[in-house]
1. For segment 333-440, which whole percent of the accessible surface, found with a 1.4 angstrom probe, sits on carbon and sulfur atoms?
2. Let me know the charge dipole size of segment 31-167 about its Cα centre in debye, to the nearest 20, where only the beta-carbon of Lys, Arg (+1) and Asp, Glu (-1) is charged.
3. Among Ile289, Ile302, what's the order by accessible area (1.4 angstrom probe), most exposed first?
4. Might you tell me the accessible area per residue for the chain, computed with a 1.4 Å probe and given in Å²?
5. About its Cα centre, what dipole magnitude does the chain give when the only charges are +1 on Lys and Arg Cβ and -1 on Asp and Glu Cβ, stated in debye to the nearest 20?
6. Towards the positive end of the charge dipole of the chain, with charges on Cβ (+1 Lys, Arg; -1 Asp, Glu), say which of Pro127, Ala92, Ser80 has the farthest Cα.
7. With a 1.4 Å probe and every protein chain left in place, tell me how much accessible area Ser376 has, in Å² to the nearest 10.
8. What percent does the relative contact order of segment 152-272 come to when contacts are Cα pairs within less than 8 Å and at least six residues apart?
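The values are calculated or read from the model by the stated rules, or taken from the named source; none is laboratory data. These numbers come from a predicted model, not from an experiment. So basically every Cβ, Gly included, is an ideal-geometry build from the backbone, and we count neighbours across all protein chains shown. Ligands, DNA and RNA are stripped out before the accessible areas are found, and what is left, the full protein with its side chains, is counted by its heavy atoms. Shrake-Rupley method; radii C 1.70, N 1.55, O 1.52, S 1.80 Å.
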Amino acid sequence: MTPPSWRQAPIAAPLPETPSPIRLGLPSPIRLGLGANWRQFTLLVVVNAFVGAMVGLERTVVPLIAQADFGLVSKTVVLSFLVSFGIVKALANLFAGQLADRVGRKPLLVAGWLAGLPVPLLIIWAPSWGWIVFANVLLGVNQGLCWSTTVIMKIDLVGPARRGLAMGLNEFAGYVALSLSALLTGYLAAAHGLRPAPFFPGIAFAALGLVISVSAVRETRGHARAESRQLGVDAPRLGFGSVFLLTSWRDRALFAASQAGMVNNVNDGVVWGLIPVFLAARGVTLDRIGVVTATYPLVWGIGQLATGALSDRWGRKWMIVTGMWVQAVGITAFVVGRSFSSWMAGAILLGIGTALVYPTLLAAVSDVAHPDWRASAVGVYRLWRDSGYAVGAISAGLLADAFTMPVAVGAIAALTFVSGVVVAAVMYETLPDRLKGSRIMAFRP
């Protein structure tokens, strides 16, 4: 399949500004670019930090609550909270992408925060494991709507020229906040017990995210329309079914990105759900478990400041391939390691690999998709990516129950390596200034 070339050059110039809108009392013209939109972009970075912090509440403590408070032994049952989270988040991503193209971005962002408000309270008061599972249903809605929307809005604002940098900043904010939240909950749990203290910060995260989204964030759908007009090339009118097929299978780059994103979250789900239990079984204390579980997303988050921008210069494909292979090595280090330092090394490698992959995959999807249906394509990609949480939780739980936890973790490491091979074999380079050829025919319905 020939890569799309309806996007012939980066957008640099703003829309015409004459006659002066200020003199006429009209709204200012929409301009694309990070510099032109830095205030709204910064607000969205802050909002996504609160989104990430909501997930960080669970990274250290919730798998341990399953055993300590509710006496759950089966790893499949313990990981059920991740199954509910992954399925709901994946579906929320899909609907967020589709609805963002129809009704706008901001209403979905606000709705996501309303769903997230009860999450810490449900975990604090949970009398049974079913409450925890339901809290993760709401957390999945919160993450799917809020994170997808902040991604789409940042892509809208910056245009094509600095897309990798924009995604790096977005994911940096989310995952550094996730890491710090995981570290905080680990120390609160060590000092005050598994509940309720570790979840008090979540009440503030949700409230602040909602207030900023309602009062300060502005709609960005007009920026996507402005980019579409400036391209000067008509996009084929695609129904949602066509976008779904293109993103899932028909376009080689979008297929490669979707499967890599899914496998990435398969291994992230395993690290989230099994590694705290794995380390606790080896006598590692709660505060040190918190350090390991926080190191991985911290390295991941900080690394994206560099990797997102570098993908704008070096290209997307081989950064994704390298990242998947580095992830596989990091996961293997948890299996073969016998000391705290070896597990820390695994967490660092896993963070580096994920930093190479995460913003680059989002940028690659945005490179290929036309602005008129880009939000829907991002939603489909994120559907596949976040369904990896459910796939990883179910498969790892079954493998751990049937064999051992090291077998389950090792199998996920092998799968991650194979996913990198698929990207190397199938994906074409999507960086806008490297796309060549005639207009892609496969994008016609």
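1. With neighbouring chains kept in place, the figure for segment 333-440 is 72 percent.
2. 560 debye
3. Sorted by accessible area, descending: Ile302, Ile289.
4. 36 Å²
5. It works out to roughly 860 debye.
6. Ala92
7. Roughly 10 Å² of Ser376 is accessible to a 1.4 Å probe.
8. The value is 22 percent.
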